[in-house]
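Since the structure comes first, as structure tokens, the remarks are kept for the end.
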Amino acid sequence: MIRRVINFEVQSRIEVSSEEIEDYYQANAADFLPPEQLRASHILVAAPQNGDGVEALKAVGRAEVLLERAKSGEDFSELARLYSEDASGAQGGDLGLIRRGEILPDIEAVLFSLQQDEIGPLIRTSAGYHIIKLTEKTLQEAPPFEQVADRIRGHVYTEKLNVRYERWLEDLKKKAYIEVSM
């Protein structure tokens, strides 16, 4: 019975116009963008953090040479196949599609600042030295209005419902006559 009263007094009096939906879409277009993602390749030169100094120097030397070769125009995927000490080396260093928050913060910061086909600086992690290349950056495009209109309608309806319900409760409290007898 309470549901029917709320439905009659609140829900049945809410309307969402197509203009409201379009206005919401225009004002909140950034909310509909897919997560930023890109494709990257990488070469790892292993160098454990607790290794001896000579091994670390050799590793950084190898990494610097590979970085120079990659930046000079040699085929990055071939360099990864030949020299990467990571499982991705077999696929030419391809790491696949990456979204923010899916990789180490040090690598993410550099990777998401690169331009298409740009090779970043050496990055040191606990695994060793990483050479990364941004191979593809997807453009972020909001989905067409028609694709999200129903979702927006539901969101706007819920917002209006909450406001209308609170207002209705306040009106009931103002009109209520409460007598306390002891």
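Residues are listed down the side, and each one gets a yes or a no for (1) free of Cβ contacts under 8 Å to residues at least 12 places away in the same chain; (2) of a type outside the set (A, V, I, L, M):
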site	(1), (2)
G101	yes, yes
P105	yes, yes
L111	no, no
L114	no, no
I123	no, no
T135	no, yes
T138	no, yes
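Checked across the range 171-180, the condition of being of a type in the set (G, A, S), surrounded by 10 or more Cβ atoms within 10 Å (Cβ to Cβ) and either closer than 23 Å to F32 by Cα or out of contact with any helix residue (DSSP H, G or I) (no Cβ under 6 Å at 6 or more places or on another chain) (or both) holds for no residue.
Of A63, A56, A30, all but one fail to be farther than 25 Å from G92 by Cα and not in a strand (DSSP E or B); the exception is A30.
Would you pick out the residues in the range 10-53 that are among the β-branched types (V, I, T) and over 30 Å from E78 (Cα atoms)?
Scanning the range 10-53 gives V10, I14, V16, I21.
For the range 125-148, filtering for residues that are surrounded by fewer than 16 Cβ atoms within 10 Å (Cβ to Cβ) and not hydroxyl-bearing (S, T, Y) leaves 11. Of the residues making up the range 146-182, those that are outside any helix (DSSP H, G or I) and hydroxyl-bearing (S, T, Y) are Y177, S181.
Applying a threshold of 7 Å to beta carbon distances and a minimum spacing of six or more residues, or different chains, the list of pairs starting in the range 44-73 at a residue that is in the same structural domain as Q116 (by TED's automatic domain parsing) and ending at one that is surrounded by 12 or more Cβ atoms within 10 Å (Cβ to Cβ) and among the acidic types (D, E) reads L44/E85; L44/D86; V45/E85; A46/E85; A47/E55.
The values are calculated or read from the model by the stated rules, or taken from the named source; none is laboratory data. In this text the structure is predicted, and so the values were computed from the model without any measurement. Neighbour counts run over all protein chains shown; Cβ positions are idealised from the backbone, glycine included.
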